[in-house]
1. Report every pair of residues separated by at least 6 positions or lying on different chains whose Cβ atoms are under 7 Å apart, first residue within the range 81-104 and farther than 17 Å from residue 59 by Cβ, second charged (D, E, K, R) and outside any helix (DSSP H, G or I).
2. For the range 6-24, enumerate the residues that are touching a Lys or Arg at 6+ places or on another chain (Cβ under 7 Å) and either over 17 Å from residue 73 (Cα atoms) or assigned to a loop (DSSP other than H, G, I, E, B) (or both).
3. Within the range 98-150, how many residues turn out to be of a type in the set (A, V, I, L, M, F, W, C) and under 13 Å from the mean Cα position of the chain (by Cα)?
4. If residue 105 satisfies every condition in (1) surrounded by 12 or more Cβ atoms within 10 Å (Cβ to Cβ); (2) out of contact with any strand residue (DSSP E or B) (no Cβ under 7 Å at 6 or more places or on another chain); (3) not aromatic (Phe, Trp, Tyr) but one, which is the exception?
5. Taking the condition β-branched (Val, Ile, Thr) and either more than 25 Å from residue 143 (Cβ to Cβ) or crowded, with 23+ Cβ neighbours inside 10 Å (or both), does residue 100 pass?
6. Which condition number does residue 112 fail, the rest of (1) free of Cβ contacts under 8 Å to residues at least 24 places away in the same chain; (2) surrounded by 13 or more Cβ atoms within 10 Å (Cβ to Cβ) being met?
7. Would you please list the contacts, defined by Cβ atoms under 7 Å and residues six or more apart or on different chains, that run from a residue in the range 121-147 that is more than 14 Å from residue 67 (Cβ to Cβ) to a residue that is among the charged types (D, E, K, R) and part of a loop (DSSP other than H, G, I, E, B)?
8. Of the numbered conditions (1) under 30 Å from residue 130 (Cβ atoms); (2) among the hydrophobic types (A, V, I, L, M, F, W, C); (3) not in a strand (DSSP E or B), residue 3 satisfies every one except a single condition; which is it?
Amino acid sequence: MLITRFLDPGRLVDNELELVLDGFHEADLIRNLVPYYRFRMTHILTRLTMGSISLRLGNQPHIVLYAGHIGYGVDEPYRGTRLAARSVKLLLPHAHAHGISPVWITCNPDNIPSRRSCEIAGGTFVEIVDLPPDNPMYKIGERQKCRYRF
């Protein structure tokens with residue numbers, strides 16, 4: 001059973017990396033958005049933000065096939081340090097606490113760093129799917145998504 005209300009994620013820490021909750025956003029039916037959490041990837045000692053990661057609470061076809069349950073971005077100076085993979089590993093138990101299983105992450109086929117992050121985090125590559133022309137990502141020029149199952 002999928003839980004779409006706020007659940008306290010607790011402290012999400014891996015060595016010097018901490019995922020700091022930026023907010024929980026309720027569903028927005030007008031904009032067709034599912035509820036989601038947004039976290040900052042933060043260095044414990046310096047408190048510098050190194051990127052962000054979100055957890056989307058929904059199993060709609062758009063989420064499962066194209067957007068994914070988890071989306072992340074690492075700020076350029078911190079790329080190549082496995083922050084995305086480590087952040088995904090920290091967030092997976094919270095996704096499971098919400099009843100999300102499997103967890104899906106998608107990325108563009110040519111985004112090799114993101115594909116590698118999914119693999120390092122333990123994801124299994126399933127397929128590459130074509131985006132339908134009515135998908136908002138298609139409208140900004142994207143055409144396909146790799147799908148990884150966790």
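The values are calculated or read from the model by the stated rules, or taken from the named source; none is laboratory data. What you see is a predicted model, and the numbers here were worked out from it, not measured in a lab. Quick reminder, even Gly has a Cβ in these numbers, built from the backbone with ideal geometry, and neighbours come from all protein chains shown.
1. That search, which allows pairs on different chains as well, returns 86/14; 90/14.
2. Result: 14, single match.
3. 8
4. Unmet for residue 105, out of (1) surrounded by 12 or more Cβ atoms within 10 Å (Cβ to Cβ); (2) out of contact with any strand residue (DSSP E or B) (no Cβ under 7 Å at 6 or more places or on another chain); (3) not aromatic (Phe, Trp, Tyr): (2).
5. It is true that residue 100 is β-branched (Val, Ile, Thr) and either more than 25 Å from residue 143 (Cβ to Cβ) or crowded, with 23+ Cβ neighbours inside 10 Å (or both).
6. (2)
7. Pairs found: 130/143.
8. Going through (1) under 30 Å from residue 130 (Cβ atoms); (2) among the hydrophobic types (A, V, I, L, M, F, W, C); (3) not in a strand (DSSP E or B) one by one, residue 3 breaks only (1).
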